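J.: Quick one: the structure is below, questions incoming.
The values are calculated or read from the model by the stated rules, or taken from the named source; none is laboratory data. From a predicted model like this one, the values you see are computed outputs, not experimental measurements. Methodologically, a virtual Cβ is constructed for each residue, glycine included, from the backbone with ideal geometry; neighbour enumeration extends over all protein chains shown.
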Amino acid sequence: MKRLNPAMRENFRYILVKIEPYDLCSLSMWIRDDTTPSQYDAKELYYTLFASITDWYGDRTASQIGIAVPAILGPFAILRMRRGTEHDVFAILPCIREHLHAEIRLAALKTSGTIRTLKEEIMRKRTYLRTQEPLLIQKTNAEMEHLIPDIREKIYDTDPPSSFSMWLHPSGAVDIEASHDNLDKKENGFNRIHLHYLTKDDF
């Protein structure tokens, strides 16, 4: 079949979004190798977006927007919609709070008329993240109580485990991985990863 003349083709716009939260271990692997698959699936993300747009605008507007997810690279996703409807998509992004029964946030970063431009932007961000890649370290229970005396009150109701997995960032921030089995804590706004700021003297 003969391809359509460029002037006769449908015009699209593309939005680059960042998906949060993103597992630090998966992010570290993607930074080293951009062929590492994302922890999010493009098809499932499309279903989440389409359901939200349909609930908010209705079937008619949703069909006019024609949302699609042509690519997901690490924590970044590229969304496609018909030109002129990108403002409707921008408006719906803050309303997307759940994906596959898990909390999620989509932060819009850039708009473009081509996928190539956004992929180049993703590669620039990947290069920057490589310089900011966190370091995985292990701390024992005694060492953690020395660094954060009230860690039992902040994270656990019972005795904490014998060791903690920590991601040390160049800025000095530390992400402490702690699993939560207490539903009340999740309902009260406690997240899985707690962010603390420590100095070199603490270590």
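J.: Here's a check for you: in the stretch 82-94, which residue that is over 17 Å from the mean Cα position of the chain (by Cα) and among the β-branched types (Val, Ile, Thr) is surrounded by the most Cβ atoms within 10 Å (Cβ to Cβ)?
T.: The residue in question is Val89.
J.: Would you mind listing the helices (runs of 4 or more DSSP H) fully within the stretch 1-114 where at least 2 residues are farther than 21 Å from Thr127 by Cα?
T.: Fully inside the stretch 1-114 and qualifying: 42-57, 59-65, 86-92.
J.: Additional query: Can you name the residue in the stretch 57-79 that is in contact with a strand residue (DSSP E or B) (Cβ under 8 Å, 6 or more places away or on another chain) and surrounded by fewer than 19 Cβ atoms within 10 Å (Cβ to Cβ) and, of all such residues, is farthest from Leu24 (Cα to Cα)?
T.: Per the stated criteria, the residue is Gln64.
J.: Right, next: Give the residues of the stretch 95-105 that are surrounded by 11 or more Cβ atoms within 10 Å (Cβ to Cβ) and of a type outside the set (D, E, K, R), sorted by residue number.
T.: Cys95, Ile96, His99, Leu100, Ile104 - these are the residues of the stretch 95-105 that are surrounded by 11 or more Cβ atoms within 10 Å (Cβ to Cβ) and of a type outside the set (D, E, K, R).
J.: Now for a different question. Got at least one residue in the stretch 3-12 being surrounded by fewer than 19 Cβ atoms within 10 Å (Cβ to Cβ) and either at pLDDT 95 or above or of a type in the set (Ser, Thr, Tyr) (or both)?
T.: No, every residue in the stretch 3-12 fails to be surrounded by fewer than 19 Cβ atoms within 10 Å (Cβ to Cβ) and either at pLDDT 95 or above or of a type in the set (Ser, Thr, Tyr) (or both).
J.: While we're here: For Thr54, which of the numbered conditions (1) closer than 29 Å to Arg130 by Cβ; (2) surrounded by 14 or more Cβ atoms within 10 Å (Cβ to Cβ); (3) of a type in the set (Ser, Thr, Tyr); (4) more than 14 Å from the chain's Cα centre (by Cα) fails to hold?
T.: So the condition that Thr54 fails would be (1).
J.: Residue under question is Arg97, and the condition is that it be in the same structural domain as Thr54 (by TED's automatic domain parsing), under 18 Å from the mean Cα position of the chain (by Cα) and more than 11 Å from Ile15 (Cβ to Cβ); does it hold?
T.: Taking the combined requirement at face value, the residue satisfies it.
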